[in-house]
Amino acid sequence: MLEIRHLVKHFGALVAVDDVSFAVARGEVLGFLGPSGAGKSTTMKMITGFVPPSSGTSVICGYDILRAPLAAKRCIGYLLEGAPAYPDMTPAAFLEFVAHIRGFRGREAKRRIGRIVETIHIADVMHQPIEILSKGYRRRVGVAQALLHDPPVVILDEPTDGLDPNQKYEMRRIIDEMRPNKAIVISTHLLEEVEAVCSRAIIIAHGRILADATPAELARRSRRHNAVRLAAAGISEARLRAELIRLPMVAAVEAAPDGEGVSVFPRDGQDIVADLADLARAHRWPVTLLRVEQGRLDEVFREITTAAAAPAAAAA
Amino acid sequence: MRAVATIFRRELAGYFATPLAYVFIVIFLVMAGMLTFFVGNFFGRGQADLEPFFAFHPWLYLVLIPALSMRLWAEERRSGTIELFLTLPIRTTEAVAGKFLAAWCFAGIALSLTFPFWITVNILGRPDNGVIAASYLASWLMAGAMLAVGACVSAVTKNQVIAFVVTAALVFLFTAAGAPAVLGALSGWAPQWLLDASVQMSFAGHFSAITRGVVDLRDVFYFVSVMVAFLFANAILIDLEKAE
């Protein structure tokens, strides 16, 4: 439904987006990740037709954003970063304006606004000026505006940024509910969000795509994937280390960050918990903690994005 | 066309959502009145016409029209709503037209609220109402041309103060172009075509031509073409400079 073809954007000598291509199908929620200044927002602005690309294009529901901008824009719902809206309007007037622009009149406009207001829960602020609304409500008004016309492609730039935990939960519920019928792209720098709602993640840094996989696959790239935390009462850390490192499937043993026991890293990400349990039983260690770690997305993210930065810095 | 009407309604309502509209209208009416009565000597000259009222419009607009046009695009740029606005399924030309027409309509509302002058002069004597109608038309056309210049300037900045100052300077050039002082400074060294062009380009010149009571299509065409040219430039600038 959404196809990005070789998007490139130069700002003077700076290459903000460098040959980015991907496709998103119906039912997919794509997490678009990257450090600040990686080119996330610029890519979204090119997809939605706000920024003209230096080369390449995006195709939305078969409409090229450069050749048929109006048809393409009709298929997109877009929540902008920070959800700007006309401050002196009320949500009621603002949504009516957007409904009219999108071609809904009279009863149809009312029906659509009524339905979205119910889904997004903004009924109690409909007649207050947007400028006095809290961040959470403002964000919701932005989402209501983006979903009013039930678009097949939804693009959300940092939808939960600045929201409290309850509001975040609510936003994820909304995304989850609409997922089956839409192609959704979410830009974020919150990794928990990717794990919570995304079926796929793309990591971008310096304008290039560095990884494109499911969140689980990405986590598997972590050194911590299948690592085991082990602690035993009365057994010193040095003793544990000395015994554990002898096992052939163990690559490294480190003191755990919180000081309780050790972290055992497997060779090639293999499953080692059964072997460790056997070893502990053989030594009759009074085990107090034995836990398999899942691999942490934030570590993978840092490894991937900083590895990309290193050669660039060396070249400069 | 529907999009233009929707944008027009939102923009016009936007003027009245803040005190701006009321402040503008009050200042416009007070200034117009003061200039007419005190500077223009409306009563003292003993003639039943509105010439002293209209004579000051170019100079009144010089200050007030940039105040009206400065927020058209600069405000959208500053608050970031320009991205929201231009990613809606509308053409840039529709956006430009809707905004301009709302500002022009607002100027028309302010101008039409000066109707007590018209009534007063009809009570006091027997004015040529045709001349007055033509003068109102001229004043509104000139306001439109100035607003188009202002909209175009507003499109390239996110700073309303800059938009105001640059618009005021441009409008001043257009207004003063045909004035005797300018022609005097030019004559003697500048080529004749520049003097002619200067006279032809003058807002004040075309304005006073119509206020004499002759609605010459060339004068009307001049104002309309200034509007079309600057709005066209406005649309191009928006497309080029969307993301600054």
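Name the residue that is modelled with the lowest pLDDT, counting only residues in the range B:199-244 that are open to solvent by less than 40 Å² (accessible area, probe 1.4 Å) and outside any helix (DSSP H, G or I).
For the range B:199-244, the residue satisfying everything is B:Ala243.
Any idea which of B:Thr167, B:Thr157 is buried (at least 17 other Cβ atoms within 10 Å of the Cβ), at pLDDT 80 or above and part of a helix (DSSP H, G or I)?
B:Thr167
Determine, yes or no, whether A:Ala144 is touching a Pro at 6+ places or on another chain (Cβ under 8 Å), closer than 13 Å to A:Phe32 by Cβ, among the aliphatic types (A, V, I, L, M) and crowded, with 19+ Cβ neighbours inside 10 Å.
So A:Ala144 fails the test.
Could you check how many residues of the range B:1-16 are more than 7 Å from chain A (Cβ to nearest Cβ) and of a type in the set (S, T, N, Q)?
Going through the range B:1-16 one residue at a time, the tally reaches 0.
Tell me which residues, restricted to the range A:13-46, are within 14 Å of chain B (Cβ to nearest Cβ), hydrophobic (A, V, I, L, M, F, W, C) and under 27 Å from A:Val300 (Cα atoms).
Within the range A:13-46, A:Leu14, A:Ala16, A:Val17, A:Met44 qualify.
The rows are residues; the columns are (1) surrounded by fewer than 21 Cβ atoms within 10 Å (Cβ to Cβ); (2) within 14 Å of chain A (Cβ to nearest Cβ); (3) part of a helix (DSSP H, G or I).
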{"position": "B:Trp59", "(1), (2), (3)": "yes, no, yes"}
{"position": "B:Glu76", "(1), (2), (3)": "no, yes, yes"}
{"position": "B:Val96", "(1), (2), (3)": "no, no, yes"}
{"position": "B:Lys99", "(1), (2), (3)": "no, yes, yes"}
{"position": "B:Gly108", "(1), (2), (3)": "yes, no, yes"}
{"position": "B:Asn122", "(1), (2), (3)": "yes, no, yes"}
{"position": "B:Ala148", "(1), (2), (3)": "no, no, yes"}
{"position": "B:Val161", "(1), (2), (3)": "yes, no, yes"}
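Of the residues that sit in the range A:50-68 and are touching a residue at least 12 places away in the same chain (Cβ under 8 Å) and at the interface with another protein chain (Cβ under 8 Å from one of its Cβ atoms), which one is surrounded by the most Cβ atoms within 10 Å (Cβ to Cβ)?
In this case the residue turns out to be A:Val51.
Against the condition in contact (Cβ under 8 Å) with a residue 24 or more places away in the chain and touching a Pro at 6+ places or on another chain (Cβ under 8 Å), how does A:Thr160 come out, does it pass?
In short, no.
Determine which single condition A:Ala242 fails, assuming it passes every other condition in (1) in contact (Cβ under 8 Å) with a residue 60 or more places away in the chain; (2) out of contact with any Asp or Glu (no Cβ under 8 Å at 6 or more places or on another chain).
Answer for A:Ala242: the failing condition is (1).
Given the range A:198-316, what helices (runs of 4 or more DSSP H) lie entirely inside it while holding 3 or more residues that are surrounded by fewer than 20 Cβ atoms within 10 Å (Cβ to Cβ) and among the acidic types (Asp, Glu)?
In the range A:198-316, the matching helices (runs of 4 or more DSSP H) lie at A:297-315.
Output the number of residues of the range A:69-84 satisfying the condition of being within 8 Å of chain B (Cβ to nearest Cβ), closer than 20 Å to A:Arg139 by Cα and open to solvent by less than 30 Å² (accessible area, probe 1.4 Å).
Number of matching residues: 4.
Of the conditions (1) more than 16 Å from the chain's Cα centre (by Cα); (2) surrounded by 20 or more Cβ atoms within 10 Å (Cβ to Cβ); (3) closer than 17 Å to A:Ala83 by Cβ, A:Pro159 satisfies every one except a single condition; which number is it?
Checking A:Pro159 against (1) more than 16 Å from the chain's Cα centre (by Cα); (2) surrounded by 20 or more Cβ atoms within 10 Å (Cβ to Cβ); (3) closer than 17 Å to A:Ala83 by Cβ, the one that fails is (1).
Could you list, in sequence order, the residues of the range A:97-107 that are part of a helix (DSSP H, G or I) and either more than 9 Å from chain B (Cβ to nearest Cβ) or surrounded by fewer than 18 Cβ atoms within 10 Å (Cβ to Cβ) (or both)?
Across the range A:97-107, the qualifying residues are A:Ala99, A:Gly106, A:Arg107.
Just to be sure before I move on: is A:Val24 open to solvent by less than 10 Å² (accessible area, probe 1.4 Å) and under 18 Å from A:Val194 (Cβ atoms) in the structure I sent?
yes
Can you tell me which of (1) more than 17 Å from A:Ser36 (Cα to Cα); (2) among the small types (Gly, Ala, Ser); (3) in contact with a Gly (Cβ under 9 Å, 6 or more places away or on another chain); (4) at pLDDT below 85 is the one A:Ser199 doesn't meet?
Going through (1) more than 17 Å from A:Ser36 (Cα to Cα); (2) among the small types (Gly, Ala, Ser); (3) in contact with a Gly (Cβ under 9 Å, 6 or more places away or on another chain); (4) at pLDDT below 85 one by one, A:Ser199 breaks only (4).
Do we find a residue being among the hydrophobic types (A, V, I, L, M, F, W, C) and within 14 Å of chain A (Cβ to nearest Cβ) anywhere in the range B:20-31?
Yes: the range B:20-31 contains one or more residues that are among the hydrophobic types (A, V, I, L, M, F, W, C) and within 14 Å of chain A (Cβ to nearest Cβ).
Here's the yes/no breakdown for (1) open to solvent by 40 Å² or more (accessible area, probe 1.4 Å); (2) free of Cβ contacts under 8 Å to residues at least 24 places away in the same chain:
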site	(1), (2)
B:Val39	yes, yes
B:Phe53	no, no
B:Phe56	yes, no
B:Ile65	no, no
B:Thr81	no, yes
B:Leu88	no, yes
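The values are calculated or read from the model by the stated rules, or taken from the named source; none is laboratory data. Here the structure is a predicted model, which means the values were calculated and not measured. Heads up, the Cβs are rebuilt from the backbone with ideal geometry, glycines too, and the neighbour counts pull from every protein chain shown. Note: areas computed on protein heavy atoms with side chains; ligands, DNA, RNA excluded. Shrake-Rupley method; radii C 1.70, N 1.55, O 1.52, S 1.80 Å.
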